[in-house]
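Visitor: What follows is a structure written as structure tokens; I'll ask about it next.
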Amino acid sequence: MDKIKVCIVDDNREIVHIMNEYLNEQEDMEVLGVAYDGKECLTLLEQEEPDVLLLDIIMPHMDGLAVLQTLSENKHTKTPHIIMLTAFGQEDVMRKAVQYGASYFVLKPFDFKNLLDKIRDVTNRAP
């Protein structure tokens, strides 16, 4: 079976590094690329077609909601399953993210096993 292809977007380079290493250690996952802000994310998605996008909400230059909105308006691009990473659970922000196509929210700090479960859930793949 093909590996689950993941892209990671977060402005916290340490978290990105840790997630990248952890996900690449999974037999059923592969990190295609990382980005540190919303603009880099859109460029990355022009080059790669991940199954899952791990997307932080609060980032410089372009936040996660703006990325979601851009992806939802760009219908000719294959949109990955999107798991939002956030340090806070503001209801109006979460509602808007779901409206733009987010599948799940994972609150920081998060449990890596829980994150793996969410990635597998959205792609309908059991470990």
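The values are calculated or read from the model by the stated rules, or taken from the named source; none is laboratory data. Since the model is a prediction, treat every value here as computed from it, not as a measurement. A quick note on method: Cβ atoms are made from the backbone with ideal geometry, for glycine too, and the neighbour counts reach across all protein chains shown. Each accessible area value is taken on the protein alone, full model and side chains, heavy atoms only, with ligands, DNA and RNA left out. Shrake-Rupley method; radii C 1.70, N 1.55, O 1.52, S 1.80 Å.
Visitor: Can you give me the accessible area per residue for the range 1-116, using a 1.4 Å probe, in Å²?
Guide: 55 Å²
Visitor: Relative contact order for the chain: what percent, with Cα pairs under 8 Å and sequence separation of 6 or more?
Guide: 22 percent
Visitor: Suppose every K and R has +1 on its Cβ and every D and E has -1 on its Cβ; what is the size of the dipole of the chain about the Cα centre, in Debye to the nearest 20? Intermediate results must be reported in sequence, preceding the final value.
Guide: On the way: 13 positive and 23 negative charges, 74 e Å.
The dipole of the chain has a size of about 360 debye.
Visitor: What are the residues whose amide H is under 5 Å from the amide H of Met62, where those residues sit 5 or more places off or on another chain and H is modelled from the backbone?
Guide: Under 5 Å from the amide H of Met62: Gly38, Lys39.
Visitor: Another question, then. Could you give the radius of gyration (one decimal) and Dmax (whole number) of the Cα atoms in the chain, in Å?
Guide: 13.2, 38
Visitor: So, one more: Where in the chain lies the longest segment free of trypsin sites (Lys or Arg not before Pro) that are both loop residues by DSSP (not H, G, I, E, B) and have at most 13 other Cβ atoms within 10 Å?
Guide: Answer from the scan: 1-74.
Visitor: Whole-Hz ³J(HN,Hα) for each residue in the range 23-34, computed from phi via Karplus 6.51 cos²θ - 1.76 cosθ + 1.60 with θ = phi - 60°, x for glycine and proline: what do you get?
Guide: These are the phi-based 3J(HN,Hα) values: 5, 5, 6, 6, 5, 9, 9, 8, 8, 7, x, 10 Hz.
Visitor: If you don't mind, there's one more thing I want to ask. For the chain, set up a Gaussian network in which alpha carbons nearer than 10 Å are linked by springs, and say which option among Val93, Val67, Val34 fluctuates the most.
Guide: Val93
Visitor: Testing the spin-label approximation: label points 7 Å from Cα along Cα→Cβ at Glu91 and Asp111. State their distance in nm.
Guide: 2.6 nm
Visitor: In addition: Please return the longest range in the chain lying between exposed loop sites, taking GluC sites (Glu not before Pro), DSSP loop only, at most 10 other beta-carbon atoms within 10 Å, and leaving the sites out.
Guide: The answer is 28-127.
Visitor: Round to the nearest 10 and report in Å² the accessible area of Asp111, as given by a 1.4 Å probe over the protein chains' heavy atoms.
Guide: Looks like 90 Å² after rounding.
Visitor: For the range 96-119, list residues with backbone N below 18 Å from a point placed 7 Å from the Cα of Glu27 toward its Cβ?
Guide: Under 18 Å, as judged by backbone N against the label point of Glu27, lie 113, 116-117 of the range 96-119.
Visitor: Another question about this same structure. Under 5 Å between amide H atoms, partner at least 5 residues away or on a different chain: which partners does Ala35 have, H built in plane at 1.01 Å?
Guide: The answer is Ile8, Val9, Asp10.
Visitor: Calculate for the chain the 222 nm mean residue ellipticity that helices alone would give, adding -39,500 (n - 2.57) per DSSP H run of length 4 or more and normalising by residue count, nearest 500 deg cm²/dmol. Intermediate results must be reported in sequence, preceding the final value.
Guide: Values: 5 runs with 52 residues, N = 127.
It lands at -12000 deg cm²/dmol.
Visitor: Taking θ = phi - 60°, what integer Hz values does the Karplus form 6.51 cos²θ - 1.76 cosθ + 1.60 yield along the range 49-59, in sequence order, with x for Gly and Pro?
Guide: Here the 3J(HN,Hα) series is 10, x, 7, 9, 10, 8, 10, 6, 7, 8, 8 Hz.
Visitor: Once the dipole of the chain is set up with Lys and Arg at +1 and Asp and Glu at -1 on Cβ about the Cα centre, which of Gly101, Val9, Ile119 lies farthest towards its positive end?
Guide: Gly101
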